[in-house]
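Following: one structure in structure tokens, then a few remarks.
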Amino acid sequence: SDNNANPNLNDQKEVKSKALDYIEGWFEGNPDRMKSCLHPDLAKRSVRINPQTDRSVIAFHSASTLIESTRMGNGKKYPKDKRNIKISILHINKGIASVKITSVLMTEYLHLVKYNGEWAIINVLFEMHPREDVQKILESD
């Protein structure tokens, strides 16, 4: 039942499946797959340094901008064997969950919520890996 604090195997499967839809959907350039795992009120954020001021700024993406950037297919240029996707479910508590995803490009923390009986990603906080580290991986055999 939903009152059970121990997440059942089904929740674990669904949470992992949504995380895969998110990260694989992006790399595949599949907007439908991306849309299927996002809550409409998604907030995706990262901290960037403004080169003009050398100060931190928050970069923000909504569900619609993320779906659009997925449609543009930027992820497709990274070969499957270099994507290095790892998914860790950090915690599931009844109707909320926390997941860590690492890939060739970044580390991401996802918050998911069970909404009308379906798991959906509502928050993403991410940090890009240094460009030179990404290049090394892409150029390795």
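Derivation of every value follows stated rules applied to the coordinates shown; laboratory data play no part. On a predicted model such as this, the values are computed, not experimentally measured, just so you know. Positions of Cβ are generated from backbone atoms using ideal geometry, with glycine treated the same way; all protein chains shown enter the neighbour counts.
Using the charge dipole of the stretch 4-60 (Lys, Arg: +1 at Cβ; Asp, Glu: -1 at Cβ; taken about the Cα centre), state which of ILE58, SER17, LEU42 has its Cα farthest towards the positive end.
The residue sitting most towards the positive pole is ILE58.
Go through the stretch 38-48 residue by residue and turn each phi into a ³J(HN,Hα) via Karplus (6.51, -1.76, 1.60, θ = phi - 60°); whole Hz please, and just put x for glycine and proline.
Listing the rounded values in order: 9, 6, x, 8, 3, 10, 10, 9, 8, 9, 10 Hz.
Have a look at LEU38, LEU125, LEU110 and tell me which one the Gaussian network model of the chain (Cα, springs below 10 Å) gives the largest fluctuation.
The residue that fluctuates most here is LEU125.
Using 10 Å bins from zero, what percent of all Cα-Cα pairs in the chain falls into each bin?
12, 39, 33, 13, 3, 0
Give me the one-decimal Kirkwood hydrodynamic radius in Å for the stretch 67-141, with the sum taken over alpha-carbon pairs.
14.0 Å
Rounded to the nearest Å, what's the spacing between the alpha carbon centres of the stretch 110-133 and the stretch 16-57? Just the number, please.
What the calculation gives is 7 Å, centre to centre.
What pairs from LYS13/LYS114; LYS44/LYS136; LYS16/LYS136; LYS35/LYS80 go past 23 Å between their alpha carbons?
Over 23 Å Cα-Cα: LYS44/LYS136; LYS16/LYS136.
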